[in-house]
Amino acid sequence: MSDQEAPTPRDPELRSRVVRGVVSLGARGFVIRALGFVGTAFVARELGPREFGQVALALSFIALANLVAGRELASAVVRDREEPERRDLEAVFGVQLALAFGLLALSAAGLAVGGVGTLIFVMAVSLPIDATRGVPTAMAERSLTYGAVVRADVLEILALNVVSISLVLAGMGVYAVAVAVVVRAVVGAAVLLPASPVGLLRPRWAPRRVAAMLRFGAGVQVVGLITAIRDNALNGVVAALAGSAALGLWGLAMRLLQVVLIVLESLWRVSFPAVSRLLDERREPIPLLRRGLSASATAIGGSAVALATTAPALVPLVFGDAWRETGEVMPVLALGLMLGGPVSTAAVGYLYAIGEAGQVARTVAAHAAIWLVGTVLLTGAMDTMGVAVAFVVASVAGLVYQRHTLRRHVRVPVVGPVAGPTVAAVAGGLAGLAAGAQLGSDADVAIAALIAGELVYLVVLVLIDRAALRELVGLVRPAASRP
């Protein structure tokens with residue numbers, strides 16, 4: 001480590017960066033998902049089910065490969081108190097690059113198979129290019145400056161869509177998407193690297209030098225791997241027990257759930273560097289964690305109410321009456337996120353900041369196991385509603401487990417800060433659902449249900465936990481007033 005420590009922002013500046021980070025990452029999430037939906041819909045229509053299935057399989061392999069060699073491996077630089085030496089960053093990059101080229105070499109075996117194998121190899125050319133962004137992204141997260149990261153992410157998905165659609169229209173078939181994946185990686189690196197203070201690093205092969213950093217990064221990678229396994233296992237269980245139609249209903253439900261997950265993902269991603277910088281200042285974490293719990297619960301509550309109150313009317317209106325069951329399960333899924341989401345933002349951020357990546361992995365694994373077991377027990381009788389109910393059970397169990405885990409390290413109150421927003425969100429959701437049930441099923445009904453739900457949410461929150469609302473406003477107002 002260098003003799004000179006990284007500048008650590010004081011509390012007002014830190015709060016401003018946290019809010020700006022959450023807002024910019026949230027906006028990024030909405031834009032990327034919107035662009036991705038448009039591009040996917042067009043390509044799927046032009047290619048047809050068989051060829052699009054090949055593309056989906058190849059993209060799944062690339063997503064898993066990027067999990068192995070991607071930015072998570074460099075996560076340790078986010079939590080280090082001192083500014084990492086450039087040689088350390090080069091050593092981490094050297095391991096990432098070696099893994100990326102190793103996976104590229106492994107994918108070359110697909111050339112002998114042809115078909116999907118060749119498609120995977122072409123896409124895998126993007127892996128070493130993506131590896132160049134791992135450390136610069138981690139350094140941006142370390143300082144809570146996400147501007148260049150967001151620009152790179154948005155422009156690369158735009159490039160992916162433009163190139164894939166253009167080449168599909170030119171008759172390149174599935175290879176249009178493969179080439180577009182490589183172009184996406186080039187555009188992302190070209191945007192991010194010049195804006196990064198570390199730029200393009202020279203790879204250095206010195207894994208022993210950064211062994212501790214790599215162990216932490218591997219622990220973060222395990223969390224992503226568990227999540228990927230869970231999602232695929234859930235799909236398999238639903239298809240096996242309830243049939244392909246139920247799997248389609250569940251797939252749409254997961255897409256709609258992204259509305260709230262965008263908020264949660266932004267909070268998860270920002271909480272780790274934010275808590276790390278607070279610990280750098282050797283400040284007492286309990287008051288700040290409590291404020292974070294309260295503010296995140298308030299923000300998630302508003303999003304959950306919006307999803308729960310509008311989905312029952314909008315889903316059959318937009319997608320057709322055959323998808324009505326998806327709209328009916330959304331309020332239950334929103335409840336599960338409300339119960340488990342706020343505490344997870346504090347727990348994950350704090351545990352990563354103190355180096356307990358393994359504990360985060362165990363927490364995610366326990367949640368996944370309970371959700372899967374509940375799905376097996378309930379899906380046969382309840383179809384997709386069984387998966388949603390199992391998710392609520394897993395969220396409650398996760399809340400208890402995360403509370404226990406956090407209190408082993410820091411005596412922060414967990415239930416109190418989130419109780420008010422949770423009760424208010426449940427009241428708002430029920431009020432909006434009741435209003436929608438009385439009025440019918442169209443766009444006007446969805447708007448009326450949304451307004452009723454959010455009004456009740458705010459009124460109940462003011463009555464029982466006005467401080468939670470003040471916490472959120474107190475975080476947002478200073479950041480919003482800065483130029």
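Any idea how far apart Ala108 and Met172 come out in nm if each label point goes 7 Å out from Cα toward Cβ?
Using points 7 Å along Cα→Cβ, the separation is 2.3 nm.
What full-extension length gain, to one decimal in nm, is calculated for Val473 and Phe319 as 0.36 nm per residue of separation minus the Cα-Cα distance?
Numbers: separation 154, 0.36 × 154 = 55.44 nm, distance 3.62 nm.
Working it through step by step, the gained length comes to 51.8 nm.
Multiplying the sequence separation of Val400 and Ala228 by 0.36 nm and subtracting their Cα-Cα distance, what value in nm do you get? Could the numbers behind the result be given before it?
Values: separation 172, 0.36 × 172 = 61.92 nm, distance 2.34 nm.
Residue separation times 0.36 nm, minus the Cα-Cα distance, leaves 59.6 nm.
Where only protein heavy atoms count, and the probe is 1.4 Å, what is the accessible area per residue for the chain in Å²? Don't skip to the answer; put the middle values down first.
Values: 20580 Å² over 483 residues.
Accessible area per residue: 43 Å².
Where in region 371-411 are there trypsin sites (Lys or Arg not before Pro) that are in a DSSP coil and have at most 16 other Cβ atoms within 10 angstrom of their Cβ?
Sparse-neighbourhood loop trypsin sites (Lys or Arg not before Pro): Arg411.
When only DSSP loop residues count, what trypsin sites (Lys or Arg not before Pro) in region 189-235 have their Cβ near at most 10 other Cβ atoms within 10 Å?
Numbers: sites: Arg204, Arg208, Arg209, Arg215, Arg230; in loops: Arg204, Arg208, Arg209.
Within region 189-235, the qualifying trypsin sites (Lys or Arg not before Pro) (loop, at most 10 other Cβ atoms within 10 Å) are Arg208.
Using the Cα centre as the reference, give the magnitude of the dipole from point charges on the C-beta atoms of region 93-206 (Lys, Arg: +1; Asp, Glu: -1; all else neutral), rounded to the nearest 20 debye. Please report the intermediate quantities before stating the final value.
Values: 6 positive and 4 negative charges, 49 e Å.
Computed about the Cα centre, the dipole is about 240 debye.
Subtracting the Cα-Cα distance from 0.36 nm times the residue separation, let me have the gained length for Arg362 to Val23 in nm, one decimal.
On the way: separation 339, 0.36 × 339 = 122.04 nm, distance 2.91 nm.
Contour length minus Cα-Cα distance gives 119.1 nm.
Which of the trypsin sites (Lys or Arg not before Pro) across region 274-317 are loop residues per DSSP, with 11 or fewer other Cβ within 10 Å? Before the final figure, lay out the partial values.
Numbers: sites: Arg277, Arg282, Arg283, Arg290, Arg291; in loops: Arg282, Arg283.
Qualifying residues, ordered by number: Arg282.
Among [x] 24.3, 79; [y] 30.8, 101; [z] 22.7, 67, which one is Rg and Dmax of the Cα atoms in Å computed from these coordinates?
Answer label, from the structure shown: [z].
Give me the percent of the accessible area of the chain that comes from carbon and sulfur atoms, probe 1.4 Å, all protein chains in place.
Values: 13730 of 20580 Å².
Answer for the chain: carbon and sulfur cover 67 percent of the accessible area.
Pairs of alpha-carbon atoms within less than 8 angstrom and 6+ residues apart define the contacts here; what relative contact order does the chain have, in percent? If you can, show how the numbers build up before the last one.
On the way: 755 pairs, mean separation 87.1, N = 483.
This gives 18 percent for the chain.
On the full set of protein chains, 1.4 Å probe, figure out the accessible area of Ser244 and give it in Å² to the nearest 10.
100 Å²
Which distance in nm do the two modelled labels at Arg86 and Arg151 give, with both placed 7 Å along the Cα-to-Cβ direction?
Going from the Arg86 label point to the Arg151 one covers 2.2 nm.
Which sequence of Val92, Val423 reflects their accessible areas, 1.4 Å probe, from the largest down?
From most exposed to least exposed: Val423, Val92.
The values are calculated or read from the model by the stated rules, or taken from the named source; none is laboratory data. What you see is a predicted model; the values in this text were computed from it and never measured. Neighbour counts are summed over all protein chains in view; Cβ atoms, including those assigned to glycine, are modelled from backbone coordinates with ideal geometry. Only protein heavy atoms, including side chains, enter the accessible area calculation; ligands, DNA and RNA are left aside. Shrake-Rupley method; radii C 1.70, N 1.55, O 1.52, S 1.80 Å.
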